[in-house]
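Chemist: Dropping a structure here in C-alpha cells format, bear with me for questions.
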Amino acid sequence: MRTLLAIAIAGLIALPAAAHEYTVGALKIGHPYSRAMPPAAPTTGAFFSISNSGKAADKLLGASSPLASSVELHTHLNDNGVMRMRQVEGGITVAPGETLKLAPGGLHVMLLGVKQQPHAGDKFPLTLKFEKAGDISVDVKVEDGSAMPMPPHDMPMPH
Ligand SMILES: [Cu+2]
C-alpha cells in the first residue's frame with residue numbers, strides 16, 4: 001500500500017501541471033520560449049532548459065524548424081567587453097544530473113533565414129536532436145520582447 005501511494009505521488013509530481021515541458025528519454029526540456037522580434041528581422045533565438053536525470057551525458061547536436069531556413073547552436077563570448085555570438089562546435093553537452101539553461105546572453109538556439117517573424121503569443125515548432133535521447137519536437141512560445149532596450153540577443157535577461 002505504502003509503495004503504491006509512493007508511486008501515485010511520484011506520478012503526480014511528474015505530471016506536467018500547467019508547465020510547458022517535454023520529456024525524451026532521461027532528458028526534460030523546460031519552457032521553450034522565444035522573444036518577439038521586429039517583422040523584418042532575419043533571425044530569432046530559442047531558449048529552454050535541459051535537465052538530464054540519466055546516468056550518462058547527452059549532447060544537443062542540433063535543431064531544425066519550419067520557421068527558419070537553418071538553425072544553429074550559438075553561445076555568447078565576451079570579446080574585450082563586446083558580446084559576440086559564436087556557433088557551438090560539436091554540440092552542447094548536458095552532464096548527468098545537470099540542468100543546463102539556454103538563455104539570452106548565453107547558450108541559445110539560433111534560427112536563421114526566418115521566413116515570417118512570429119508575434120508575441122504565437123508558438124512555433126522546433127525539433128531538437130540529441131545524441132542519445134534522439135529527436136524531440138517542442139513548441140516554442142513567443143514572448144513579448146519589446147521591453148528589451150537592445151536586440152534581445154545581446155543582453156542577458158532574468159527569467
Ligand atoms: Cu545567435
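Chemist: First check a/c for region 37-128, with a ≥ b ≥ c the square roots of the eigenvalues of its C-alpha gyration tensor; if it is under 1.5, answer rounded, and if not, answer prolate when a/b is larger than b/c or oblate otherwise.
Modeler: On the way: a/c = 2.04, a/b = 1.37, b/c = 1.48.
Verdict is oblate for region 37-128.
Chemist: Can you tell me how much longer the chain between Thr99 and Lys59 gets when fully stretched, taken as 0.36 nm per residue apart minus their C-alpha distance, in nm with one decimal? Walk me through the intermediate numbers first.
Modeler: Details: separation 40, 0.36 × 40 = 14.40 nm, distance 1.26 nm.
That pair, Thr99 and Lys59, stretches by 13.1 nm at full extension.
Chemist: Give the long-range amide H neighbours of Ala36: residues separated by 5 or more places, or on another chain, with amide H under 5 Å away, using H modelled in the peptide plane at 1.01 Å from N.
Modeler: Answer set, sorted by chain and number: Glu143, Asp144, Gly145.
Chemist: Could you order the peptides 79-90, 121-132 from most to least packed, using the average number of other C-beta atoms within 10 Å per residue?
Modeler: On the way: 79-90: 10.2, 121-132: 17.3.
Those peptides, ordered most packed to least, come out 121-132, 79-90.
Chemist: Still on this structure, please answer the following. Listed highest first by mean packing, meaning other Cβ atoms within 10 Å per residue, what order do 28-35, 55-62 come in? Working shown, then result.
Modeler: Values: 28-35: 20.6, 55-62: 15.6.
Those peptides, ordered most packed to least, come out 28-35, 55-62.
Chemist: Compute the accessible area per residue over region 19-145, keeping the other protein chains in place, probe 1.4 Å, unit Å². Mind dumping the intermediate values first?
Modeler: Details: 6050 Å² over 127 residues.
Per residue, region 19-145 has 48 Å² of solvent-accessible surface.
Chemist: How far is it, in nm, from the label point at Asp144 to the one at Glu89 when both lie 7 Å from their Cα along the line to the Cβ?
Modeler: Here the modelled spin labels are 4.2 nm apart.
Chemist: Whenever you get a sec, compute what percent of the accessible area on region 19-145 sits on carbon and sulfur atoms (1.4 Å probe). Before the final figure, lay out each step's value.
Modeler: On the way: 3150 of 6050 Å².
Result for region 19-145: 52 percent of the exposed heavy-atom area is carbon or sulfur.
Chemist: Further, regarding this structure: Output the relative contact order of region 19-145, whole-number percent, from Cα pairs under 8 angstrom with separation of 6+ residues. It would help to have the intermediate numbers written out before the result.
Modeler: On the way: 328 pairs, mean separation 43.1, N = 127.
Here the relative contact order equals 34 percent.
Chemist: Hand me the tally of lysine pairs in region 19-145: alpha carbons under 12 angstrom apart, and the pair either on different chains or 8 or more positions apart.
Modeler: 5
The values are calculated or read from the model by the stated rules, or taken from the named source; none is laboratory data. What you see is a predicted model, and the numbers here were worked out from it, not measured in a lab. In this analysis, Cβ positions are derived from the backbone assuming ideal geometry, glycine residues included, and neighbour counts consider all displayed protein chains. Note: accessible area is taken over every heavy atom of the protein model, side chains too, but ligands, DNA and RNA are not part of it. Shrake-Rupley method; radii C 1.70, N 1.55, O 1.52, S 1.80 Å.
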